[in-house]
Amino acid sequence: MTLAYYVERRFRGGAHGGVQRLVDGTAVPGLASDSGLDFDDTIVPGQIVASILHLPSVTSTQAGELAIALRWGYGSIFGISHVLLRSRLREPGASAVFGGILLTMTFTMFPLLGRTPPPWRWAPDVLATAVATHGVYVVAAALVDDTLR
């Protein structure tokens with residue numbers, strides 16, 4: 001996903017997407033730009049981790065670091081679920097279910113835990129980026145799974 005965000009930024013010619021805002025209207029800093037391309041590309045995931053772990057007064061920089069750690073940590077661990085699905089389903093079914101679960105988690109956890117707007121209120125480019133970057137992750141997980149088999 002990190003590589004997909006990098007490519008999108010390059011493709012957009014330095015455009016950083018719309019400024020992501022929380023329900024209270026607060027602008028959300030991005031991880032590699034002034035604003036994220038979608039909520040996964042902001043400090044919101046790090047803020048969610050900080051609140052779950054009851055970490056007091058986390059700065060934006062620390063929340064960004066937590067967001068990157070979360071992306072790499074859950075990305076690696078969550079990929080194991082593709083392996084489990086693949087042992088029960090053939091492709092492309094395993095990847096379709098895997099992607100559906102991943103997007104369902106994204107579209108529910110951000111509003112519930114990160115106080116973001118619901119996905120139907122996200123800007124079209126933000127929604128497209130969320131779907132595309134998660135699609136890249138699903139394809140990467142499937143390819144790694146196939147290679148290791």
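Working from Cα pairs under 8 Å separated by at least six residues, relative contact order for region 2-148 is 24 percent.
How much net charge surrounds Y6 when only other residues with a Cβ under 12 Å from its Cβ are counted (Lys, Arg +1; Asp, Glu -1)?
With Lys, Arg at +1 and Asp, Glu at -1, the neighbours total +1.
Any idea what diffusion coefficient region 10-119 gets from Stokes-Einstein, in µm²/s, Kirkwood Rh on alpha carbon pairs, 10 °C, 1.306 mPa s? Using the Kirkwood radius from Cα pairs, D works out to 105 µm²/s. Ordering of 107-116, 53-62 by packing is 107-116, 53-62, highest average first (other Cβ atoms within 10 Å, averaged per residue). If you take all other residues with their beta carbon under 14 Å from the beta carbon of W122, and give Lys and Arg +1 and Asp and Glu -1, the sum is -1.
Charge tally for P45 (other residues, Cβ to Cβ under 13 Å; Lys, Arg +1; Asp, Glu -1): -2. Largest first, the extents of the alpha carbon coordinates of region 86-149 on the three principal axes equal 40, 21, 16 Å. Amide H contacts of Q20 (H built 1.01 Å from N, in plane; Pro and chain starts excluded): V28, G36 sit under 5 Å, all sequence-distant by 5 or more or on other chains.
Every number here is computed from the coordinates shown, using simple stated rules; none is lab data. Note that this is a predicted model, so its numbers are computed, not measured. Cβ: placed from backbone, ideal geometry, glycine included. Neighbour counts: every protein chain shown.
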